[in-house]
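Inspection log for the structure reproduced underneath, given as structure tokens.
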Amino acid sequence: MNRTLLAEFTAREGAEDEVTRLLLDYARKVREEDGNLAFDVYTKASSPRAYWIFEVYRDENAFQAHLKAPYGAPFNAALAPLIEEDASVLTLLDPVA
């Protein structure tokens, strides 16, 4: 079964360009992962500093491999001071059968 999640965070005022640059670079790397099926980056139309990332991995093993990727920790460390939250807020999603 696929592992699907939504990651959300809000860029600090004035940090949007740097957050976008970091995210696009990170997205390129994640999309190259063998088990990644989607890594789509959005901003909320009514609040352009609010970022939503829709992620789909082949299965739980692929998601765990993603979490262990060597570029994840440096990305999160660079992102942390640029966002209002302490870290991305993750919501795991299940399909409605």
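Pair-distance distribution of the chain: all C-alpha pairs, bin width 10 Å, starting at 0; shares per bin in whole percent are 16, 50, 29, 5, 0. With both labels modelled 7 Å from their Cα along Cα-to-Cβ, the Asn61 to Asn2 distance reads 1.9 nm.
Place a +1 charge on the Cβ of each Lys and Arg in the chain and a -1 charge on the Cβ of each Asp and Glu, then give the dipole magnitude about the Cα centre in debye, rounded to the nearest 20. List each step's numbers first, then the result.
Details: 10 positive and 17 negative charges, 31 e Å.
It comes to approximately 140 debye.
Each value in this text was obtained by applying a stated rule to the coordinates, not by laboratory testing. Model, not experiment: these values are computed from the prediction. Don't worry about glycine lacking a Cβ; one is built from the backbone with ideal geometry, like all the others, and counts go over all protein chains shown.
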